[in-house]
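K.L.:
First the structure, then my questions, so here it is.
The values are calculated or read from the model by the stated rules, or taken from the named source; none is laboratory data. This structure is a prediction, so every number in the text was calculated from the model and none was measured. Glycine also receives a Cβ, built like all others from the backbone with ideal geometry; neighbour counts cover every protein chain displayed. Note: areas computed on protein heavy atoms with side chains; ligands, DNA, RNA excluded. Shrake-Rupley method; radii C 1.70, N 1.55, O 1.52, S 1.80 Å.
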Amino acid sequence: MAKAECPNQFANSGSRVSAGGIMQGGSDPQKAVDGNFGSSALLYGAAADTGTDAAEIYSAPASVLDLVVTAASGLSFPAGNRAGAVAQLASGPAVQQQVTVITYLGGVVQEAFDGGLYNSITAPTSSQVFSYLTTKAYDSVRFSILLSSPASTERPQVKVYEFCG
């Protein structure tokens with residue numbers, strides 16, 4: 001992966017990663033800023049009900065899976081940088097995902113980029129760069145997925161490998 005596609009300025013700079021919305025589960029959010037494209041933060045869709053003793057049933061009628069990375073205090077990035085994330089979208093039958101990347105400066109929205117609408121047929125099966133050339137300065141990036149899927153025994157999972165910034 002070319003550094004030009006996803007410069008990882010958030011890695012090892014004292015940046016913080018947090019869940020920004022209604023995330024139904026996840027693990028290791030700091031792996032999205034560790035500078036290692038081989039590790040990932042995991043985000044999970046919603047659990048609808050407990051199902052039977054044999055299988056737990058999951059669905060994500062409108063789960064928002066997102067992570068927000070904020071640069072170290074006093075650090076911001078100028079316009080003209082690429083902002084976003086390297087991620088692998090959820091797979092599975094009839095999973096639909098709307099990807100959005102939002103930049104902030106001092107907690108105020110600067111720009112929002114439409115990363116596209118994907119379903120189980122159009123979603124990439126490996127990691128993909130969702131980064132956009134900014135026209136305004138920023139200090140935070142939100143990588144957000146509006147995910148929906150029918151009831152299933154498979155829990156939708158998104159992997160965020162690294163933030164671009």
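K.L.:
Give all pairs with beta carbons closer than 7 Å in which a residue from the range 132-144 that is under 7 Å from T103 (Cβ atoms) meets a residue that is open to solvent by 50 Å² or more (accessible area, probe 1.4 Å) and acidic (D, E); count only pairs at least 6 apart in sequence or on separate chains.
P.N.:
Within 7 Å, no pair qualifies.
K.L.:
Return yes or no: is G84 within 13 Å of V68 (Cα to Cα) and either part of a strand (DSSP E or B) or not basic (K, R) (or both)?
P.N.:
Working: within 13 Å of V68 (Cα to Cα): yes; either part of a strand (DSSP E or B) or not basic (K, R) (or both): yes.
Spelling it out, G84 is indeed within 13 Å of V68 (Cα to Cα) and either part of a strand (DSSP E or B) or not basic (K, R) (or both).
K.L.:
Search the range 75-113 for residues being open to solvent by 70 Å² or more (accessible area, probe 1.4 Å) and of a type in the set (S, T, N, Q), and hand back the single one that is nearest to A32 (Cα to Cα).
P.N.:
S91
K.L.:
Then there's this: Of the conditions (1) modelled with pLDDT under 75; (2) under 22 Å from L147 (Cα atoms); (3) open to solvent by 40 Å² or more (accessible area, probe 1.4 Å); (4) not in a strand (DSSP E or B), A46 clears all except one; give me its number.
P.N.:
Going through (1) modelled with pLDDT under 75; (2) under 22 Å from L147 (Cα atoms); (3) open to solvent by 40 Å² or more (accessible area, probe 1.4 Å); (4) not in a strand (DSSP E or B) one by one, A46 breaks only (3).
K.L.:
Quick check, is D139 out of contact with any Asp or Glu (no Cβ under 9 Å at 6 or more places or on another chain) and within 12 Å of G165 (Cβ to Cβ)? Spell out how you get there, then give the answer.
P.N.:
Details: out of contact with any Asp or Glu (no Cβ under 9 Å at 6 or more places or on another chain): yes; within 12 Å of G165 (Cβ to Cβ): yes.
Yes.
K.L.:
What is the number of the single condition among (1) assigned to a strand (DSSP E or B); (2) over 13 Å from the mean Cα position of the chain (by Cα); (3) more than 14 Å from Y138 (Cα to Cα); (4) at pLDDT 85 or above that Y104 does not meet?
P.N.:
(3)
K.L.:
(1) farther than 20 Å from T135 by Cβ; (2) charged (D, E, K, R); (3) modelled with pLDDT of 90 or more: which one isn't true of E111, the others all being true?
P.N.:
(1)
K.L.:
If I filter the range 14-21 for residues that are hydrophobic (A, V, I, L, M, F, W, C), at pLDDT below 80 and surrounded by 17 or more Cβ atoms within 10 Å (Cβ to Cβ), do I get at least one hit?
P.N.:
Of the range 14-21, the ones hydrophobic (A, V, I, L, M, F, W, C) are 17, 19.
Applying the additional criterion that residues be at pLDDT below 80 yields 19.
Cutting the leftovers down to surrounded by 17 or more Cβ atoms within 10 Å (Cβ to Cβ) gives us 19.
Scanning the range 14-21, I find at least one residue that is hydrophobic (A, V, I, L, M, F, W, C), at pLDDT below 80 and surrounded by 17 or more Cβ atoms within 10 Å (Cβ to Cβ), so the answer is yes.
K.L.:
Then there's this: Name the residue that is modelled with the highest pLDDT, counting only residues in the range 133-151 that are assigned to a strand (DSSP E or B) and surrounded by fewer than 19 Cβ atoms within 10 Å (Cβ to Cβ). Don't jump to the end; show me each part of the working.
P.N.:
The first filter runs over the range 133-151 and keeps only residues assigned to a strand (DSSP E or B), leaving 133, 138, 140-151.
Among the residues that remain, those that are also surrounded by fewer than 19 Cβ atoms within 10 Å (Cβ to Cβ) are: 133, 146, 148, 150-151.
Details: L133: 94, L146: 84, S148: 77, P150: 64, A151: 59.
The extreme case among them is L133.
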